[in-house]
Amino acid sequence: MIDTIFTDFDGTLHDSDSKFESKLDGFLGFDGKTIWHTFFFKVHREIIHKKFPEKHNDSAFHCELLFELLGKQYDKEEAKRFIQACEQAEEECWTNPSYFDETHEFLQRMMNNDFKICLTTGSHAEEKAHGIERFFSKQFFDFTFDETIIGYRKTENNYYNRALIISNSNSQQTVSIGDTLSHDIFLQNP
């Protein structure tokens, strides 16, 4: 029987894409959706995760690849502006949130059914959890996990194995909910 829910934040509970798209609109003459999707899906997930995992936190390298994919000359000042816009958008995910319409009902139902609810996200788990709980005036999460807390990237088996151990959960009784198979729904048997 399922007793634990691991839930992602970005793209699952919160419309994070819209925050980034808004902040990046007009960058290098492109609309925000084009910039964000090129950066996040093509550069970060397709290239960095698969070919350069050691450069996961190298913002300058990400920007070089972004400019290249967009057919633009690399400009250090524009790259700094891009990184700042991304940081502002990320912070707005918990300071000025855009939760999906179903977020409150989903969390409330999980809580009403006595599920252990764990926020499993890449970064800023505590800020994101506090933002949700402040917005809905209710504490939902039994545990909050991100890559810093866990010590592994979310794309690694050990992220989820460690989250299972810390939350005292069993993989056969845990469901992971997210928007990306390779990053959110990656549970392994211990």
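Residues in the stretch 70-77: is at least one surrounded by fewer than 19 Cβ atoms within 10 Å (Cβ to Cβ) and aromatic (Phe, Trp, Tyr)? Checked the stretch 70-77: at least one residue is surrounded by fewer than 19 Cβ atoms within 10 Å (Cβ to Cβ) and aromatic (Phe, Trp, Tyr).
Within the stretch 122-136, the set of residues being assigned to a loop (DSSP other than H, G, I, E, B) and either within 24 Å of Asp3 (Cα to Cα) or of a type in the set (Asp, Glu) (or both) comprises just one member, Gly122. Selection of the stretch 16-38 for residues being among the charged types (D, E, K, R) and surrounded by fewer than 18 Cβ atoms within 10 Å (Cβ to Cβ) yields Asp25, Asp31, Lys33. Just so you know, in the stretch 137-152 the residues that are among the hydrophobic types (A, V, I, L, M, F, W, C) and in a helix (DSSP H, G or I) include one that is surrounded by the fewest Cβ atoms within 10 Å (Cβ to Cβ), and it is Ile149. Scanning the stretch 99-121 for residues that are closer than 12 Å to His14 by Cα, polar (S, T, N, Q) and not in a helix (DSSP H, G or I) yields a single hit, Thr121. Which members of the stretch 1-50 meet the condition of being within 19 Å of Phe67 (Cβ to Cβ) and among the polar types (S, T, N, Q)? Passing the criteria: Thr34, Thr38. For the stretch 153-168, the tally of residues that are part of a helix (DSSP H, G or I) and not hydroxyl-bearing (Ser, Thr, Tyr) stands at 8. Give me the helices (runs of 4 or more DSSP H) completely within the stretch 1-82, filtered to those with at least 2 residues that are touching a residue at least 40 places away in the same chain (Cβ under 8 Å) and over 30 Å from Glu133 (Cα atoms), ordered by residue number. Of the helices (runs of 4 or more DSSP H) lying wholly inside the stretch 1-82, none has at least 2 residues that are touching a residue at least 40 places away in the same chain (Cβ under 8 Å) and over 30 Å from Glu133 (Cα atoms).
Laboratory data are not the source of any read-out in this text; all were calculated from the coordinates shown. It should be emphasised that the depicted structure is a prediction, and the values quoted were computed from it without experimental measurement. Cβ: placed from backbone, ideal geometry, glycine included. Neighbour counts: every protein chain shown.
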